[in-house]
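Q: Sharing a structure with you now.
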Amino acid sequence: MNTPIAIELDKLTKRFGDFIAVDAITFKVKKGEIFGFLGANGAGKTTAIKMLIGLSKPTEGMGKVAGFNVDTEPEKIKKNIGYMSQKFSLYDDLTVVENIQFYGGIYGLSREKIKEKTTEILEELELTEVSKSLVISLPLGWKQRLAFAISMVHDPEIVFLDEPTGGVDPRVRRQFWETIYQVAEKGRTVFVTTHYMDEAEYCDRVSIMVAGKIEALDTPHNLKQQFEATSMDEVFLKLAR
Amino acid sequence: MFKIFKAFVKKELYHIIRDKRTLIILFGIPIVQVLLFGYAVSTEFKDASIDVLDYAKDETSIQLIQHIQSSGHFTLNKVLTSEADIESGFKEGNVALVMVIPKDFSSDFYGNNPLTIQLIADGSDPNKANTLVQYTTRLIQSFQKNKLQQIENPFLITVEDRMLYNPQLISAYNFIPGTIAFILLIISAMLTSLAITREKELGTMEILLVSPLPPLLIILGKVTPYALLSFIDAILVLIIGHFVFKVPLLGSLILLLLCCLLYVILALSLGIFISTKAKTQQQAMLASMMGLMLPTMILSGFIFPFSSMPQVLQVIGSIVVPATYFIEILKAVMLRGVGFQSVVIEIAILLGMTIVLLALALKNFKIRLE
């Protein structure tokens, strides 16, 4: 049980006035784990993630991400995590290389490091041929993988993926999950939200959030047994009701 | 830190260079606008056509008509014969002014009798009507002066006017400073607010906020390229003003440029402030148009003189609108050639506005992160 912990939350809470968006959530995520963070829209997922990535201060409770306190050390957290949002958030009017250079630049990487990373990403994603094309001309699936690679340009311990597969077709989604596995195998923790229940099956462990609370947390296999369901979809429906 | 900043500015420059719309706003609009204001919007006029209803038809009245024609401002359209014809010229739209010369003009003129010349102008364009009447009045006065001096009339008051700083009343002297103030504000404020809200729309702002970049650096990185380009704009307009429209530059060039820089920063702060409030590019565009463009055009005294505004608007215009102060500085330095001491109050006010706006913008920007 001595696996290092990547994320540790203890009764982390966020209130907006009387409304409790996140209600005392408590869990741990192990290093190298693929952790699925599920919940219906409005369940408080986004607010919880914002606290974890240092964009929002918790009202109560304790949270540690990559060993740093979410309340007092958000700047240190920001240096040690990667973040990819639903919109992929690349600059359409910049070329592939310029995007990599820019994000490498704002994370303060040295010129040599940026060069090295650029070649690495281009080769790994087989984007060398289009390296000087504007991002806007790339197919969605490529953009998605590029955004993922760029979110890890500074070699963070943990990557947060906020609905990374939205709007992408199933075949591309499966490909994308293969990349996620590769990343996790290298010991990087992947914290992913999704509303595709088939994707939940790919995660090592899954938490399901309902109305601000974590209602279930286990491996997909155990969750299905616990709720006597054949798929995660069923588990989710039973809980959400 | 500086390296990060450089990476940011570089990216911003790519955006600007690759976006035709931004380039047009940045360089097309200022040039077109200066040329438009300089050439098309002119309060001077030449060859306004005039009708004369001459009841006197004597030597003096004919001399007066010639005198008015020879000024170069008026051309004689028709000599009317009856009062009923006066309106037809206006209705057809080919006459701007009608002058009515009374009977016995010559004898009254030299006999020192009370004498009235009637001027009828088209009031549907009040500015033009006023100017025409003023010009004509001055011409009549000068005519009187010329004629009566020849017979030595000691009781005549002669008015001799001299327009300081703009002896020929060239409208470019007024329009160039106004246009600089107008363009700098619109360009800087609108472009920065657009650039920032665009990142919000794209979702890249989120990524930037999750990165270790401090918010201040994000703002500075976004604003610096626009500050530089707006400043280049200012110089461009000054050059056009000076060399194309011959607007003099009597004061210190360095003082002038420093004031431009201050004003650019003020405009950029306004842009940042707008972008903290606006969620989309469209909102930002509307806010800069309605909130900045109209007040700058209308309330700064640039197009309409303060003295002809209702008091409330005068107060608003002269206190709140930054362009008012900037135009004052520009005119003072360019046309009157005064130094720092004479414009120190205006500079202080602009500086104060900048600080307040920047503080507000920064505060709002931070709140958004929570």
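The values are calculated or read from the model by the stated rules, or taken from the named source; none is laboratory data. Treat the numbers as computed from the prediction; the structure is a model and nothing was measured. Backbone-built Cβ (ideal geometry, glycine too); neighbour counts: all protein chains shown.
Q: Only one of B:F109, B:F90 is in a helix (DSSP H, G or I) and at pLDDT below 85. Can you tell me which? Show your work before the answer.
A: On the way: B:F90 fails: at pLDDT below 85.
Exactly one residue qualifies, and that residue is B:F109.
Q: Continuing with this model, one more query. Go through B:L26, B:L13, B:L64 for me and flag whichever is in a helix (DSSP H, G or I), touching a residue at least 12 places away in the same chain (Cβ under 8 Å), within 36 Å of the chain's Cα centre (by Cα) and within 14 Å of chain A (Cβ to nearest Cβ).
A: Working: B:L26 fails: within 14 Å of chain A (Cβ to nearest Cβ); B:L64 fails: within 14 Å of chain A (Cβ to nearest Cβ).
Step by step, each of B:L26, B:L13, B:L64 is checked, and only B:L13 is in a helix (DSSP H, G or I), touching a residue at least 12 places away in the same chain (Cβ under 8 Å), within 36 Å of the chain's Cα centre (by Cα) and within 14 Å of chain A (Cβ to nearest Cβ).
Q: Could you list, in sequence order, the residues of segment B:218-247 that are within 10 Å of chain A (Cβ to nearest Cβ) and either out of contact with any helix residue (DSSP H, G or I) (no Cβ under 7 Å at 6 or more places or on another chain) or farther than 22 Å from B:I17 by Cβ (or both)? Can you show your working first?
A: Within segment B:218-247, the subset within 10 Å of chain A (Cβ to nearest Cβ) is B:218, B:221.
The answer is none; no residue qualifies.
Q: I'd like the full set of residues that are surrounded by fewer than 19 Cβ atoms within 10 Å (Cβ to Cβ), within 9 Å of chain B (Cβ to nearest Cβ) and out of contact with any Leu (no Cβ under 8 Å at 6 or more places or on another chain), limited to segment A:61-97.
A: A:E75, A:K76, A:K79, A:Q86
Q: Does A:K78 satisfy the criteria of being outside any strand (DSSP E or B) and touching a Ser or Thr at 6+ places or on another chain (Cβ under 7 Å)? Step through it out loud before you land on a result.
A: Values: outside any strand (DSSP E or B): yes; touching a Ser or Thr at 6+ places or on another chain (Cβ under 7 Å): yes.
For A:K78, the condition - outside any strand (DSSP E or B) and touching a Ser or Thr at 6+ places or on another chain (Cβ under 7 Å) - is met.
Q: Residue under question is B:Y165, and the condition is that it be surrounded by 21 or more Cβ atoms within 10 Å (Cβ to Cβ) and either assigned by TED's automatic domain parsing to the domain that holds B:F306 or in contact with a helix residue (DSSP H, G or I) (Cβ under 9 Å, 6 or more places away or on another chain) (or both); does it hold? Before the answer, list the steps.
A: Numbers: surrounded by 21 or more Cβ atoms within 10 Å (Cβ to Cβ): no; either assigned by TED's automatic domain parsing to the domain that holds B:F306 or in contact with a helix residue (DSSP H, G or I) (Cβ under 9 Å, 6 or more places away or on another chain) (or both): yes.
No; evaluated as a whole, the condition is false for this residue.
Q: What's the total number of residues in segment B:125-140 that are modelled with pLDDT of 85 or more and exposed (fewer than 12 other Cβ atoms within 10 Å of the Cβ)?
A: Number satisfying all stated conditions: 1.
Q: When only residues in segment A:21-46 that are touching a Ser or Thr at 6+ places or on another chain (Cβ under 7 Å) and of a type in the set (V, I, T) count, which is surrounded by the most Cβ atoms within 10 Å (Cβ to Cβ)?
A: A:V22
Q: Is segment A:179-189 home to any residue that is under 13 Å from the mean Cα position of the chain (by Cα) and part of a strand (DSSP E or B)?
A: Yes, segment A:179-189 contains at least one residue that is under 13 Å from the mean Cα position of the chain (by Cα) and part of a strand (DSSP E or B).
Q: Here's another thing I want to ask about it. Can you tell me how many residues within segment A:126-177 are in contact with a helix residue (DSSP H, G or I) (Cβ under 6 Å, 6 or more places away or on another chain) and of a type in the set (S, T, Y)?
A: 3
Q: Also: Quick one: which residue in A:G42, A:G32 is free of Cβ contacts under 8 Å to residues at least 40 places away in the same chain and in a loop (DSSP other than H, G, I, E, B)?
A: Values: A:G32 fails: free of Cβ contacts under 8 Å to residues at least 40 places away in the same chain.
Result: A:G42 is the single residue among A:G42, A:G32 that is free of Cβ contacts under 8 Å to residues at least 40 places away in the same chain and in a loop (DSSP other than H, G, I, E, B).
Q: If we scan segment B:30-52, do we find a residue that is among the aromatic types (F, W, Y) and at the interface with chain A (Cβ under 10 Å from one of its Cβ atoms)? Reasoning before the result, please.
A: We begin by selecting, within segment B:30-52, every residue among the aromatic types (F, W, Y); these are B:37, B:39, B:45.
Checking the rest, the ones that are also at the interface with chain A (Cβ under 10 Å from one of its Cβ atoms) come to none.
Within segment B:30-52, not a single residue is among the aromatic types (F, W, Y) and at the interface with chain A (Cβ under 10 Å from one of its Cβ atoms).
Q: Just to be sure I understand, how many residues within segment A:110-148 are in contact (Cβ under 8 Å) with a residue 40 or more places away in the chain, buried (at least 16 other Cβ atoms within 10 Å of the Cβ) and within 14 Å of another protein chain (Cβ to nearest Cβ)?
A: The qualifying residues number 7.
Q: Related question: Working only within segment A:128-154, note down all residues that are of a type in the set (V, I, T) and within 25 Å of the chain's Cα centre (by Cα). Quick ask: steps written out before the conclusion?
A: Our first condition is that a residue be of a type in the set (V, I, T); within segment A:128-154, this holds for A:128, A:130, A:135-136, A:150, A:153.
Residues satisfying the conditions are A:V135, A:I136, A:I150, A:V153.
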